[in-house]
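S.K.: My structure is below; once you've seen it, I'll send some questions.
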Amino acid sequence: MNTVLQSRQVPVRAEYDVVVCGGGPSGIIAALAASRGGARTAIIERYGFFGGMATAALVAPISVFNYNGRRIIDGIPWEFITRLTEIGGAREEKPLGNITFSPEKYKLIAQRMLVEAGVQIYFHSYLSDCNLSGTIIKHVIVENKDGAEAIGGKVFVDATGDADLAVRAGVPLQPASKKLQPASLIFMLGGVDTEDLPMIRHCKQGVNYLDVEVRKKFEELRKENPDIPVFGGPWYCGILEKGIVLVNMTRIDADMTSNREQTAAECAMREEATLFATLLKMTVPAFSNSFLLETAPQTGVRETRRILGAYTLTGEDYLNAVDFPDSVSRGCHPVDIHSGDTTSQRCQFLKEAAFVPYRCLYSPDFPNYLVAGRAFSADSVASASVRVQASCMGLGQAAGAAAALSVRGGTGVGEIDTDKLRKILISYGTNLSR
Ligand SMILES: Cc1cc2nc3c(=O)[nH]c(=O)nc-3n(C[C@H](O)[C@H](O)[C@H](O)COP(=O)(O)OP(=O)(O)OC[C@H]3O[C@@H](n4cnc5c(N)ncnc54)[C@H](O)[C@@H]3O)c2cc1C
């Protein structure tokens, strides 16, 4: 491949204690936790709104806060849900603690809470590089309408979902998965008879909320017409407005960290969403008056890169709910692995709510790098549960609190006192007891 050499001076725009890269579920909570820990905090987001998959990919609902009716993910993540509920933007489905929400109100509350906490927001800023001294990150480089800008920090939290900062900084990654989970473009339908869609409510422990009857219908349609693409679910979620449903049904096998694959996937799935919307209208009574309101601004990404941290959480640890001396967060969603080239899914329910140790959030040789969210250090099985939004928020809470502690103590992120970190997290409301 031909290359071109580019060198440039980049202005240093500002310096912070903690810089959170990515404003999805984990990044929002990481920035709030860092700020609560006394750190001067900034958050960088490529879009002009917060929420990541929750709003940009219309991934609803937020799963799940409870196990057997007991709140497992708590503290700042639940404060966020409470604030969202107060403006009519969220409804808890018990006993799972599954949250149906309004994506628009989600954006508003995330931004309000961050502004109130004094976090400096950089919207429309794409993290493209970083400036290192050895393995210490000095600045991240973002591109926006002002050009390239360097933003300095003492500790950086990588909440990009795809471990973008890890890649730029050279943080080691887990070996690439043989088979990534598929990506899905979620679409919004209006004019739906929502009362006739019982699977829109997620209210029972141990149930996979796919619409089995519609699935059977579509499998028959595919037998008659093999051009109908593979699909998942379908799973539905409301946005708290009567008649409107988000449908999670398209799926494609693609590496969403490759721009060419991402572009092709997005184009293909927009066609598929249009086709599925038409077929639903033609074949399912609840959809007979429906119309396609929009496809999500971006394709939803289930799995890409994860860092190789000081510890890699395994499926065995997770399914046995191993508690660690440095456990800082929890997970209670089933292990949920989708196939990209068939309509199948492996959904394994937990026997107990599981734990995530702090060592999964940093890499031993990188003293000021922390990860939050789905790029944390785990194998594909543990990750297939923790990747859901409530547990990603829990990881954000742990990473943000750890970042602030590291700044306060002047120690590397791998050297902080984890007993102290756990005490801080418990004081925020985190549930770390079995
Ligand atoms: C189809 C599908 C269905 C799902 N179903 C559910 C479900 O039912 N319930 C549930 O709870 N979860 C579900 N999930 C999982 C969940 O939505 C995600 O795993 C979760 O949002 C991950 O959170 P995160 O903070 O790690 O990353 P993300 O939500 O991906 O957020 C990352 C943020 O970083 C920003 N960003 C990324 N790169 C850069 C960059 N270079 N520069 C600047 N900003 C950047 C992004 O714009 C985004 O705001 C589903 C996911 C998919 C794809």
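S.K.: Just to confirm the number: angle between the C-alpha axis of helix 25-36 and the first principal axis of the chain, 0 to 90 degrees, nearest 10?
M.R.: The two axes meet at around 30 degrees.
S.K.: Shifting gears a bit: Which order do 178, 217 take when ranked by solvent-accessible area (1.4 Å probe, heavy atoms of all protein chains), largest first?
M.R.: On the way: 178 210, 217 75 Å².
My answer, sorted largest first, is 178, 217.
S.K.: Please give the length that would be gained between residue 193 and residue 223 if that part of the chain were fully extended, namely 0.36 nm times their separation in residues minus their C-alpha to C-alpha distance (nm, one decimal). It would help to have the intermediate numbers written out before the result.
M.R.: On the way: separation 30, 0.36 × 30 = 10.80 nm, distance 2.75 nm.
Length difference between fully extended and current span is 8.0 nm.
S.K.: Let me ask another. May I ask you to order 55-65, 357-367, 314-324 by the average number of other C-beta atoms within 10 Å around their residues, highest value first?
M.R.: Going by the mean number of other Cβ atoms within 10 Å, highest first, we get 55-65, 357-367, 314-324.
S.K.: To the nearest 10 square angstrom, how much accessible area does residue 3 have with a 1.4 angstrom probe?
M.R.: So the heavy atoms of residue 3 present about 120 Å² to solvent.
S.K.: While we're here: Suppose all protein chains stay in the model; what accessible area per residue would a 1.4 Å probe give for segment 319-393, in Å²? All intermediate terms of the calculation are to be shown ahead of the outcome.
M.R.: Values: 2050 Å² over 75 residues.
Accessible surface, normalised per residue, equals 27 Å².
S.K.: Using 7 Å Cα-to-Cβ label points, what is the residue 15/residue 323 separation (nm, one decimal)?
M.R.: In this crude spin-label approximation the distance works out to 4.3 nm.
S.K.: If you don't mind, there's one more thing I want to ask. For residue 434 and residue 241, FRET efficiency with R0 = 60 Å and r from the beta-carbon atoms, rounded to 0.05?
M.R.: Values: r = 39 Å, r/R0 = 0.65.
With a Förster radius of 60 Å, E is 0.95.
S.K.: Please give the solvent-accessible surface of residue 115 in Å², to the nearest 10, using a probe radius of 1.4 Å with every protein chain present.
M.R.: Roll a 1.4 Å probe over it and residue 115 shows about 90 Å².
S.K.: Something else now. With the crude spin-label approximation of a point 7 Å out along Cα→Cβ, what separation in nm comes out for residue 267 versus residue 179?
M.R.: Output for this residue pair reads 2.7 nm.
S.K.: Arrange the peptides 85-91, 301-307 so that the one whose residues have, on average, the most other Cβ atoms within 10 Å appears first.
M.R.: Details: 85-91: 15.7, 301-307: 24.3.
Ranking, from highest mean packing down: 301-307, 85-91.
S.K.: Here's something else I'd like to know. For segment 187-295, with the dipole built from +1 on Lys and Arg beta-carbon atoms and -1 on Asp and Glu ones, taken about the Cα centre, which of 269, 237, 256 lies farthest toward the positive end?
M.R.: Of 269, 237, 256, it is 237.
S.K.: While we're here: Measure off, as a whole percent, the carbon and sulfur share of the 1.4 Å-probe accessible area of the chain, all protein chains present.
M.R.: The computed percentage sits at 51.
S.K.: Given the options 225, 198, 285, identify the residue whose Cα lies farthest towards the positive end of the charge dipole of segment 187-295 (+1 on Cβ of Lys, Arg; -1 on Cβ of Asp, Glu).
M.R.: Going by the charge dipole, the pick is 198.
S.K.: What figure in square angstrom, to the nearest 10, would you give for the accessible area of residue 94 with a 1.4 Å probe?
M.R.: Ignoring ligands and nucleic acids, residue 94 comes out at about 140 Å².
S.K.: Starting from the Cα gyration tensor of the chain, take the square roots of the eigenvalues, sort them a ≥ b ≥ c, and report rounded, prolate or oblate (rounded when a/c is under 1.5, otherwise prolate if a/b is larger than b/c, else oblate). Please report the intermediate quantities before stating the final value.
M.R.: Values: a/c = 1.69, a/b = 1.42, b/c = 1.19.
Verdict is prolate for the chain.
S.K.: Leaving out ligands and nucleic acids, and using a 1.4 Å probe, what accessible area per residue does segment 187-295 come to in Å²?
M.R.: On a per-residue basis, 49 Å².
S.K.: OK, next. Once the piece of chain linking residue 146 and residue 117 is laid out straight, how much longer is it, given 0.36 nm per residue of separation minus the C-alpha distance between them? Could you put the intermediate results ahead of the total?
M.R.: Values: separation 29, 0.36 × 29 = 10.44 nm, distance 2.54 nm.
Gain on extension, residue 146 to residue 117, equals 7.9 nm.
S.K.: So how far apart, in nm, are the two label points at residue 136 and residue 85 if each is 7 Å from Cα heading toward Cβ?
M.R.: It works out to 4.5 nm between the two label points.
S.K.: Then there is this: Can you order the peptides 124-131, 252-259 by their average number of other Cβ atoms within 10 Å per residue, highest first? Each step should come with its number before you reach the end.
M.R.: Values: 124-131: 18.5, 252-259: 16.8.
My ranking of the peptides, most packed first, is 124-131, 252-259.
The values are calculated or read from the model by the stated rules, or taken from the named source; none is laboratory data. Just so it is clear, the model here is predicted, and its values are computed rather than measured. Virtual Cβ from ideal backbone geometry, glycine too; neighbours counted across all protein chains shown. To get the accessible areas, we keep the full protein, side chains included, count just its heavy atoms, and leave off ligands, DNA and RNA. Shrake-Rupley method; radii C 1.70, N 1.55, O 1.52, S 1.80 Å.
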